[in-house]
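A.B. asks: My questions will all concern the structure given below.
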Amino acid sequence: MEMESRDGGSVFAHIPKVPEVPLYALQVAYGKDPSPLKLNLGFGVYRTEDGKPFLLNVVRRVERLLVNDMSNFKEYLPITGIAEFNRWSARLILGADSPAIKENRVTTVQCLSGSGSLRIGAEFLAKHYPQHHTVYMSQPTYGNHPNLFSAAGLAIKTYRYYDPGTCGLDFQGMLEDLQSAPSGAIVLLQACAHNPTGVDPTIPQWEQIRQLMRSKGLLPFFDSAYQGFVSGNLDEDAKSIRLFVADGGECLIAQSYSKIMGLYGERVGALSIVCKTAEVASHVESQLKLVIRPMYSNPPIHGAAIAAAILKDRDLYNEWSIEVKAMNDRLISMRQRLFNALCDKGTPGDWSHITKHVGMFTFSGLNPEQVAFMTKEYHIYMPSDGRINMAGLGPKTVPHLVDAIHAAVTTLCLN
């Protein structure tokens with residue numbers, strides 16, 4: 001009777017409560033902190049220098065145009081989404097002159113941002129890729145990557161990637177692990193601006209990776225969430241993927257428009273699968289529809305309509321490109337400012353990796369104990385692995401972060 005009174009006799013009473021996802025728990029803790037000094041460097045979103053949410057001017061402009069266009073509708077989209085959006089998304093990542101596009105060897109479907117694109121790709125591979133049901137991903141990788149693939153029934157293994165000793169790429173370790181992977185295994189690769197480390201291979205290194213993977217018969221699955229956030233150039237940041245497509249081989253590509261267009265809550269993404277022939281691509285698309293249909297039937301309109309309008313109009317595209325470059329320039333500026341301030345303060349350690357890393361994130365080298373100290377004493381919120389979202393910083397907050405890092409490093413020695 002006592003148990004029934006506590007749970008009301010629920011048929012779900014046996015279900016245990018699990019802890020909050022760490023990154024989201026961090027957000028909750030930050031929101032509850034009353035300190036005016038609090039600083040959120042955890043969540044992977046681009047902010048203004050004042051730490052405010054950032055909406056691109058070109059997105060605002062297109063949104064107004066769409067709202068005033070009386071020919072727009074809110075009826076269901078096809079299973080694969082907006083055809084224009086898919087076509088222009090493929091061009092964005094593969095290039096306008098891509099032979100794969102010209103030969104109709106690419107099938108692209110609109111998905112629910114990057115995570116949704118990865119999940120649809122994972123489900124497709126689980127059903128239709130009998131060669132190997134193991135996915136190799138970098139150690140470390142984006143926190144949701146293992147969840148997305150294991151939920152589809154795929155086994156997870158890792159390859160060496162980040163070297164804590166140099167705060168750079170363990171390229172030799174990466175090659176050795178890929179060399180020892182079984183033929184046919186799936187390899188998840190981040191196209192640029194690696195999350196969480198901020199460490200990317202060079203183009204010559206990408207070429208070595210490509211040669212090794214093709215010789216081993218490994219299947220590349222690219223995650224592209226930060227195109228333009230490394231060099232400031234959309235084409236330059238797609239070079240890693242284009243190397244793999246140029247050789248005529250097959251690959252999967254998940255794209256997200258969350259960061260690069262600031263369409264986070266609109267959940268805009270695309271999955272492209274590059275095939276050997278147009279006929280195979282047609283068969284693949286037919287099966288992708290059967291994966292999507294029981295999941296969410298068809299994707300939402302609004303965000304993808306914004307992206308499509310920008311991608312297909314030369315003036316809007318150029319305006320967007322300029323804004324992407326400006327965001328990238330701010331990230332580089334914050335890296336330099338943080339590095340300079342740490343040097344000026346005489347903070348123990350070599351902090352040059354901050355300016356060598358690229359994209360939105362940097363692995364600071366701080367350990368969990370130091371991060372916890374900074375949260376408690378300085379109200380700075382970041383993941384326990386020491387990852388810093390550089391876009392969460394501004395000129396006014398860099399000094400506060402430097403004070404916190406200096407105190408953490410001098411009070412609690414770096415590992």
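The values are calculated or read from the model by the stated rules, or taken from the named source; none is laboratory data. Because the structure is predicted, anything quoted here is derived from the model rather than measured. As a convention, Cβ positions derive from the backbone with ideal geometry for all residues, glycine included, and neighbour counts pool all protein chains shown. These area figures cover heavy atoms from the full protein model, side chains too; ligands, DNA and RNA do not enter into them. Shrake-Rupley method; radii C 1.70, N 1.55, O 1.52, S 1.80 Å.
A.B. asks: Can you give the percent of C-alpha pairs in segment 4-96 whose distance is more than 21 Å? Intermediate values should be presented prior to the final figure.
C.D. replies: Values: 2927 of 4278 pairs.
Of all Cα-Cα distances in segment 4-96, 68 percent exceed 21 Å.
A.B. asks: Below 8 Å, C-alpha to C-alpha, sequence gap of six or more: please give me the relative contact order for the chain in percent.
C.D. replies: Numbers: 726 pairs, mean separation 100.1, N = 415.
About 24 percent, as a whole number.
A.B. asks: Could you check the spin-label model distance between LYS289 and ILE322? Points 7 Å from the Cα along Cα→Cβ, value in nm.
C.D. replies: 4.2
A.B. asks: Counting only chymotrypsin sites (Phe, Trp or Tyr not before Pro) that are in a DSSP loop and have at most 11 other C-beta atoms within 10 Å, tell me the longest site-free stretch of the chain.
C.D. replies: Working: sites that count: PHE12, PHE73, TYR76.
The answer is 77-415.
A.B. asks: Is the shape of segment 294-380 rounded, prolate or oblate, going by the alpha carbon gyration tensor and its root eigenvalues a ≥ b ≥ c, with a/c under 1.5 for rounded and a/b larger than b/c for prolate? Write down the numbers at each step before the final one.
C.D. replies: On the way: a/c = 3.74, a/b = 1.81, b/c = 2.07.
Judged from the Cα gyration tensor, segment 294-380 comes out oblate (a/c at least 1.5, b/c at or above a/b).
A.B. asks: Now for a different question. Out of residues 5 or more away from TYR162 or on other chains, whose amide H comes under 5 Å of its own, with H placed 1.01 Å from N in the peptide plane?
C.D. replies: HN-HN under 5 Å from TYR162: GLN139, ASP170.
A.B. asks: Could you tell me whether segment 343-386 comes out rounded, prolate or oblate from its Cα gyration tensor? Rule is a ≥ b ≥ c as square roots of the eigenvalues, rounded for a/c under 1.5, then prolate if a/b exceeds b/c, otherwise oblate. Show your work: numbers first, answer last.
C.D. replies: Details: a/c = 2.09, a/b = 1.31, b/c = 1.60.
Verdict is oblate for segment 343-386.
A.B. asks: Shifting gears a bit: Taking the solvent-accessible surface of protein heavy atoms with a 1.4 Å probe, what is the per residue accessible area of segment 78-216 in Å²?
C.D. replies: Values: 5320 Å² over 139 residues.
Normalised by residue count, the accessible surface of segment 78-216 is 38 Å².
A.B. asks: Okay, moving on. For the chain, what % of the accessible area comes from carbon and sulfur atoms, probe 1.4 Å?
C.D. replies: Numbers: 10390 of 19030 Å².
Of all accessible area on the chain, carbon and sulfur atoms account for 55 percent.
A.B. asks: Filter the trypsin sites (Lys or Arg not before Pro) in segment 314-415 to those in DSSP coil with at most 16 other Cβ atoms within 10 Å of their Cβ, and list the result. Please report the intermediate quantities before stating the final value.
C.D. replies: Details: sites: ARG314, LYS325, ARG330, ARG335, ARG337, LYS345, LYS356, LYS376, ARG387, LYS396; in loops: LYS396.
Hits after loop and neighbour filter: LYS396.
A.B. asks: May I ask you to compute the full-extension gain from ARG242 to LYS216, defined as 0.36 nm times their residue separation minus their alpha-carbon distance, rounded to one decimal in nm? Don't skip to the end; give the middle numbers.
C.D. replies: Values: separation 26, 0.36 × 26 = 9.36 nm, distance 1.91 nm.
Contour length minus the Cα-Cα distance gives 7.4 nm.
A.B. asks: Next question, about the same structure. What accessible surface, in Å², does a 1.4 Å probe find on GLU377, ignoring ligands, DNA and RNA and rounding to the nearest 10?
C.D. replies: Around 100 Å² of this residue is reachable by solvent.
A.B. asks: Could you give the DSSP H helices of the chain that reach 18 angstrom or more along their long axis (alpha carbon positions) and whose average Kyte-Doolittle hydropathy is no lower than -0.5?
C.D. replies: Values: long enough: 113-128 (22 Å, -0.01); 203-216 (20 Å, -1.11); 278-296 (27 Å, 0.19); 314-345 (46 Å, -0.63); 398-411 (19 Å, 0.96).
Helices meeting the span and hydropathy rule in the chain are 113-128, 278-296, 398-411.
A.B. asks: Net charge within 14 Å of LYS52 by Cβ-Cβ distance, Lys/Arg positive one each and Asp/Glu negative one each, not counting LYS52 itself?
C.D. replies: Details: positive: ARG47, ARG330, LYS396; negative: GLU49, ASP50.
Cβ neighbours under 14 Å give a net charge of +1.
A.B. asks: Ok, one more. Sorted from largest down, give the three principal axis spans of the alpha carbons of segment 66-121, whole angstrom values.
C.D. replies: 37, 27, 16
A.B. asks: Need the full-extension length gain, ASN144 to ILE203, defined as separation in residues times 0.36 nm minus the C-alpha distance. One decimal, nm.
C.D. replies: Working: separation 59, 0.36 × 59 = 21.24 nm, distance 2.64 nm.
Length gained between ASN144 and ILE203: 18.6 nm.
A.B. asks: Where does segment 176-253 land on the Kirkwood hydrodynamic radius, alpha-carbon pairs, in angstrom? Spell out each step's value before the answer.
C.D. replies: Details: mean 1/r = 0.0782 Å⁻¹.
For segment 176-253, the Kirkwood estimate is 12.8 Å.
A.B. asks: Where a ≥ b ≥ c are the square roots of the eigenvalues of the C-alpha gyration tensor, would you call segment 124-274 rounded, which needs a/c under 1.5, or, failing that, prolate if a/b is larger than b/c, or oblate?
C.D. replies: Because its axes are fairly even, with a/c under 1.5, segment 124-274 counts as rounded.
A.B. asks: Counting Lys and Arg as +1 and Asp and Glu as -1, what is the net charge of the other residues whose Cβ lies under 14 Å from the Cβ of LEU234? Each step should come with its number before you reach the end.
C.D. replies: Working: positive: ARG91, LYS239, ARG242, LYS259, ARG314, LYS325; negative: ASP235, GLU236, ASP237, GLU319, GLU323.
Counting the neighbours of LEU234, the net charge comes to +1.
A.B. asks: Okay, moving on. Taking 41 Å as R0, compute the FRET efficiency from the Cβ-Cβ separation of GLU377 and ILE156 and round it to 0.05. It would help to have the intermediate numbers written out before the result.
C.D. replies: Working: r = 36 Å, r/R0 = 0.89.
Calculated value: 0.65.
A.B. asks: Okay, next question. Tell me, what is the per residue accessible area of segment 287-350 in Å², probe radius 1.4 Å? Present the calculation step by step, with values, prior to reporting the outcome.
C.D. replies: On the way: 3080 Å² over 64 residues.
Solvent-accessible surface per residue comes out at 48 Å².
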